[in-house]
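Visitor: I have a structure here, written as structure tokens, and I will follow up with some questions on it.
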Amino acid sequence: MHGYTADKDAYLKRLRRIEGQIRGLQRMVENDEYCIDVLTQIAAATKALQAVSLGLLDEHLKHCVAQAAAEGGPVADEKLAEASAAIGRLVKS
């Protein structure tokens with residue numbers, strides 16, 4: 001079981017809302033809306049995705065990484081490296 005399983009419905013709801021934002025962006029471009037308005041909506045969708053990412057990362061650290069660290073060994077090292085790489089990707093985005 002993954003760390004986010006308990007909040008799966010909330011994550012899916014947020015992702016569906018973001019999906020709607022993206023469809024709205026497509027319509028804005030199709031309708032030749034003002035550039036700044038499109039960029040503002042892109043920034044909002046980006047922030048929403050970042051919020052989901054941070055929530056999933058938090059769940060991963062609390063559940064998967066903490067459990068692996070408690071058990072120790074190479075799996076713990078692997079989970080820590082995996083989390084570190086994920087943080088690096090989020091920081092770059």
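Visitor: What does the charge dipole of the chain about its Cα centre add up to, to the nearest 20 debye, if the Cβ of each Lys and Arg holds +1 and the Cβ of each Asp and Glu holds -1?
Guide: Charge dipole of the chain: 180 debye, to the nearest 20.
Visitor: Write down the Å³ per residue value for the convex hull defined by the alpha carbon atoms of the chain.
Guide: That works out to 91 Å³ per residue.
Visitor: Here's another thing I want to ask about it. What is the gain in length, in nm to one decimal, between K47 and H63 on full extension, counting 0.36 nm per residue of separation less the C-alpha to C-alpha distance?
Guide: Full extension of this stretch gives 3.3 nm more.
Visitor: Can you run phi through the Karplus equation (6.51, -1.76, 1.60; θ = phi - 60°) for the range 32-43 and list ³J(HN,Hα) in whole Hz, with x for Gly and Pro?
Guide: Result, ordered by residue: 6, 5, 4, 3, 5, 5, 5, 4, 4, 5, 5, 4 Hz.
Every number in this text was worked out from the coordinates using simple rules, so none of it is lab data. Remember, it's a predicted structure, so these values are computed and weren't measured experimentally. Using ideal geometry, Cβ is built from the backbone for each residue, glycine included, and neighbour counts are taken over all protein chains shown.
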